[in-house]
Amino acid sequence: QEYHVMTIPRGGEFHLTLADGTQVWLNSETELRFPVHFAGGERKVYLKGEAYFDVTEDAARPFVVETSMGDIKVLGTAFNVSVYDERTMAATLEKGSICYLKDSRKGVLIKPGEQLVCTEGSDLPVVRKVNTRLYTAWKDNLFCFEEQYLDQIMLTLARWYDFDVYYQDTDVKNYHFTAWFRRNASIEEVIE
């Protein structure tokens, strides 16, 4: 089977439509590998980074997002998957239903408004209710942070604005901030 690989650098983003009509938004510093044409009983793509999927329904051929932390299986739905490193994966569901699969264990179902977080070393993923907008706003050209640690915010900003972060006082990493702004704002506006 022939594959395409889409690689998005820091500070970039991209929207594409797969062969089955599924819409995919790719965030900065992301890689997606997908077949030119879906063949067989499932539609499988491979993700590293962050992407939002609006999957075309096809009951006969489930859609599967494969990551280093396990797979997300769906029929037709809209959800966000973030797996920027080999230690944590988060799947946030806006509508429909998704199932998290890893190894041969029984799948974990997630409902709309829920987020599944899988951490390296944990036997079971954690499922919690969230404001999905906080995790999906990036595809609409917005940053949304709600009571988030500064070091998490800076990781997100560093990927978009392409800079490295150094802390003279590591205590500030634990400060919380709530903010929202457009992704086309300058870094000077954001810092202010």
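The values are calculated or read from the model by the stated rules, or taken from the named source; none is laboratory data. None of these values were measured; they are calculated from a predicted model. Virtual Cβ from ideal backbone geometry, glycine too; neighbours counted across all protein chains shown. Accessible surface is based on the protein model in full, side chains and every heavy atom, while ligands, DNA and RNA are left aside. Shrake-Rupley method; radii C 1.70, N 1.55, O 1.52, S 1.80 Å.
With a bin width of 5 angstrom, please list the P(r) values of region 130-190 as percents of all Cα-Cα pairs, from the 0 bin to the one holding the largest distance.
Spelled out per bin, shortest first, that is 4, 17, 27, 28, 16, 7, 1.
Which of the peptides 28-41, 87-100 is most tightly packed, and how do the rest follow, going by the mean number of other Cβ atoms within 10 Å of each residue?
Output ranking for 28-41, 87-100: 87-100, 28-41.
Over the Cα atoms of region 2-53, Rg to Rh with Kirkwood Rh, two decimal places?
A ratio of 0.96.
When the accessible area of the chain is split by element with a 1.4 Å probe, what percent falls to carbon and sulfur?
That fraction is 48 percent.
Ordered by residue, what ³J(HN,Hα) values in Hz, to whole numbers, does region 78-83 give under the Karplus form 6.51 cos²θ - 1.76 cosθ + 1.60, where θ = phi - 60° and Gly and Pro are x?
10, 7, 10, 10, 10, 8
Return one number: the angle in degrees, 0 to 90 and rounded to the nearest 10, between the long axis of the Cα atoms of helix 150-161 and the longest principal axis of the Cα atoms of the chain.
Computed tilt is about 70 degrees.
Of the peptides 45-57, 114-126, 167-179, how do they stack up when ordered by the mean number of other Cβ atoms within 10 Å, highest first?
Result, highest mean first: 45-57, 114-126, 167-179.
Within region 18-174, how many Lys pairs sit with Cα atoms under 20 Å apart, leaving out pairs fewer than 8 places apart on the same chain?
Going through region 18-174 pair by pair, I get 17.
Counting DSSP beta bridges with both partners in region 1-108, what percentage is antiparallel, nearest 5?
Of the beta bridges lying entirely in region 1-108, close to 90 percent run antiparallel.
For region 31-46, in order, what is each residue's ³J(HN,Hα) by Karplus, 6.51 cos²θ - 1.76 cosθ + 1.60 with θ = phi - 60°, in whole Hz (x at glycine and Pro)?
10, 10, 10, 8, x, 4, 9, 6, 10, x, x, 8, 10, 10, 10, 10
Averaged per residue, what accessible area in Å² does region 7-114 show with a 1.4 Å probe, protein chains only?
44 Å²
Output the relative contact order of the chain, whole-number percent, from Cα pairs under 8 angstrom with separation of 6+ residues.
Value for the chain: 14 percent.
Quickly estimate the mean residue ellipticity at 222 nm for the chain, helices only: each DSSP H run with n ≥ 4 gives -39500 (n - 2.57), and the total goes over all residues, rounded to 500.
-2500 deg cm²/dmol
Compare the Cα positions of 3, 74, 115 along the charge dipole of the chain (+1 at Cβ of Lys, Arg; -1 at Cβ of Asp, Glu; about the Cα centre) and return the one farthest towards the positive end.
Highest projection toward the positive end goes to 74.
Starting from the Cα gyration tensor of region 1-87, take the square roots of the eigenvalues, sort them a ≥ b ≥ c, and report rounded, prolate or oblate (rounded when a/c is under 1.5, otherwise prolate if a/b is larger than b/c, else oblate).
Here region 1-87 falls in the prolate category.
Just read off the accessible area of residue 187 with the full protein assembly in place, 1.4 Å probe, to the nearest 10 Å².
Number for this one is 50 Å².
Residue 88's amide H: which non-local residues (gap 5+, or another chain) put their own amide H closer than 5 Å, with H modeled 1.01 Å from N in plane and none for Pro or chain starts?
120
Three principal axis extents, largest first, for the C-alpha atoms of region 104-155, in Å?
For region 104-155, the Cα extents along the three principal axes come out at 37, 25, 17 Å.
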